[in-house]
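A.B. asks: One structure coming up, written as structure tokens, with questions to follow.
The values are calculated or read from the model by the stated rules, or taken from the named source; none is laboratory data. What you see is a predicted model, and the numbers here were worked out from it, not measured in a lab. Here the Cβ is made from the backbone with ideal geometry for all residues, glycine too, and neighbour counts use every protein chain on show. Calculation scope for accessible area: heavy atoms of the full protein, side chains included, ligands and nucleic acids excluded. Shrake-Rupley method; radii C 1.70, N 1.55, O 1.52, S 1.80 Å.
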Amino acid sequence: MKSTTPLRAFNFLYFALLAIFIPFLPVYLSEQGLNPAQIGFIVGSGGFITIIAQPLWGMISDRTKTIRKVLLLLIIFSTLLGYLLYASTNYGMLIVYAMFLYFFLMPIDPLTESLNFRVGEAAGVSYGSIRTYGALGYGVMSLAAGYIMSWYGAHSLAYLFAIIGGVSFLISLIMPDAPVAGKPVTLESLKKFLGNRETLLFLVLVFISSVPARMNDTFLGVYIGQLGGNSELVGQAWFLAAGSEIIVFALSFWWMRKGHELMIITIASAFYFLRFFISAWVTDPHALVYIQLLQILTFPIFYSAAIQYLYRIAPVEWRATSQTVLALLFFGVSGIIASYAGGALYEAFGGQALFLTISVMSLAGMVFGIVLNRIYGRRNIPAAQE
């Protein structure tokens, strides 16, 4: 068995859990009678929890020099809480279980991404060849969860989450751990990295681009419902979105070039603008589903390039923490603004206004990416590529 095989399986299963949680939590809450503002409150509050949890578990991983053991603990609690969340109907308990699930489930994402990159680097395989299985798991489970929810009811997600979580735990027992960094972990090196002007401007770019992406993630299912679609269509939308990522991750060794990450990120931001602008004007839920195929030119390209760029400028001993900072911006801080502001905007003006707003925000991200590429892009290209 190749050392990366269990890690590929874990990617498939963990991102399957995310597929049950991220796109279907708003749909589940909507079926429990919550309005967009209440849904935005729960998802946004989860963003606050993520802000605390992701750097906490990232630093624990760096300090203890292990990712796998931390993942074991996180997946145990996530499995239990996911079951309780989707088995609940009480508004207060939904909030409690969701907050705890954000605390344990979301930090697994950056830790898994860090493990993917570092194990792949040690094994001589591309990050994308491992991460492809995460996209596959997300796509397959998005489609399956939509049909299961439609056929067996919303609470069937509780059993589905528990089963996938249990298998994930078993797989994590045989996963390889990340190679230990040779340099000691020091707060001074982290402070120097986070205080660097290039790092800060890059993180601002990630933030600007991630807010509209997170608004789409949170309210896409609700918007499909507003246009007359059901949970099956929601599942199909996320299946097309995640499924389209597979080829991008699988071929990342071919299209990804060191030193060109900022240009790649800028191109992805341009397609984010196109995707959201078109979404604002459709009236058929099936058309909105097909638009999700544009995911192939947005998230996987943006996130892969962002990870590679960050790993080039981050101190090696703080890689897990720097990956956590990236995920914190993309899924945490941006998620708070996306959920609260997006929920209020949706409640007041409707889905079209929401998607027009996020298309403008993506356009701003594209412009800022162009600026950063002019400042840092050229000097970061290795001499052999010039």
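A.B. asks: Label Ile278 and Asn230 with points 7 Å out from Cα along Cα→Cβ: what is the distance between them in nm?
C.D. replies: 2.7 nm
A.B. asks: For the chain, what is the accessible area per residue in Å², given a 1.4 Å probe and the full set of protein chains?
C.D. replies: Heavy-atom SASA per residue in the chain reads 38 Å².
A.B. asks: At a Förster radius of 41 Å, what calculated FRET efficiency corresponds to the Cβ-Cβ distance of Ala122 and Tyr91, to the nearest 0.05? The partial results should precede the final answer.
C.D. replies: On the way: r = 47 Å, r/R0 = 1.14.
It comes out at approximately 0.30.
A.B. asks: Then there's this: Can you tell which of Tyr290, Tyr14, Tyr127 shows the greatest fluctuation in a Gaussian network model of the chain with Cα springs below 10 Å?
C.D. replies: Tyr290
A.B. asks: Multiply the residue gap between Phe349 and Ser3 by 0.36 nm, knock off their C-alpha separation, and tell me the result in nm, one decimal place. Don't skip to the answer; put the middle values down first.
C.D. replies: Numbers: separation 346, 0.36 × 346 = 124.56 nm, distance 5.11 nm.
Contour length minus Cα-Cα distance gives 119.4 nm.
A.B. asks: Would you give the gap between the C-alpha center of the stretch 210-230 and the C-alpha center of the stretch 82-118, rounded to a whole Å?
C.D. replies: Cα centroid to Cα centroid, the span is 20 Å.
A.B. asks: Which value in deg cm²/dmol, rounded to the nearest 500, describes the helix-derived mean residue ellipticity at 222 nm for the chain, given -39,500 (n - 2.57) per DSSP H run of n ≥ 4 and division by the residue count?
C.D. replies: Details: 18 runs with 299 residues, N = 386.
Using -39500 (n - 2.57) per qualifying helix, the result is -26000 deg cm²/dmol.
A.B. asks: Karplus couplings for the stretch 29-42 from phi (6.51 cos²θ - 1.76 cosθ + 1.60, θ = phi - 60°), rounded to Hz, Gly and Pro as x?
C.D. replies: So the J values, rounded to whole Hz, are 4, 4, 6, 7, x, 7, 8, x, 5, 5, 4, x, 5, 5.
A.B. asks: Choose one answer from Leu72, Leu101, Leu143: the residue with the largest mean-square fluctuation in a GNM of the chain with alpha-carbon springs under 10 Å.
C.D. replies: Leu72
A.B. asks: Work out how much length His155 to Leu356 would gain on full extension: take 0.36 nm times their residue separation and subtract the Cα-Cα distance, in nm to one decimal. Numbers along the way, then the final one.
C.D. replies: Working: separation 201, 0.36 × 201 = 72.36 nm, distance 3.35 nm.
Gain in length upon complete extension: 69.0 nm.
A.B. asks: Between Val289, Ser78, Tyr159, whose Cα lies farthest towards the positive end of the dipole of the chain when Lys and Arg beta carbons carry +1 and Asp and Glu beta carbons carry -1, centred on the Cα centre?
C.D. replies: Ser78
A.B. asks: What distance in nm separates the simple spin-label points at Leu293 and Asn35, each placed 7 Å from Cα in the Cβ direction?
C.D. replies: Label at Leu293, label at Asn35, 3.8 nm between them.
A.B. asks: Note down the magnitude of the dipole of the stretch 194-264 about its Cα centre, charges +1 on Lys and Arg C-beta and -1 on Asp and Glu C-beta and zero elsewhere, to the nearest 20 debye. Intermediate values should be presented prior to the final figure.
C.D. replies: Details: 4 positive and 5 negative charges, 51 e Å.
Magnitude of the dipole: close to 240 debye.
A.B. asks: Given charges of +1 on the Cβ of Lys and Arg and -1 on the Cβ of Asp and Glu, with all other atoms neutral, how large is the dipole of the stretch 1-154 about its Cα centre, in debye to the nearest 20? List each step's numbers first, then the result.
C.D. replies: Working: 8 positive and 5 negative charges, 102 e Å.
Around 500 debye, computed over the stretch 1-154.
A.B. asks: Could I ask something else about it? How much FRET efficiency would the formula 1/(1 + (r/R0)^6) give for Leu201 and Lys65, where r is the Cβ-Cβ distance and R0 is 25 Å, rounded to 0.05?
C.D. replies: The value I calculate is 0.25.
A.B. asks: Place a +1 charge on the Cβ of each Lys and Arg in the chain and a -1 charge on the Cβ of each Asp and Glu, then give the dipole magnitude about the Cα centre in debye, rounded to the nearest 20.
C.D. replies: Numbers: 21 positive and 16 negative charges, 240 e Å.
Dipole size: approximately 1160 debye.
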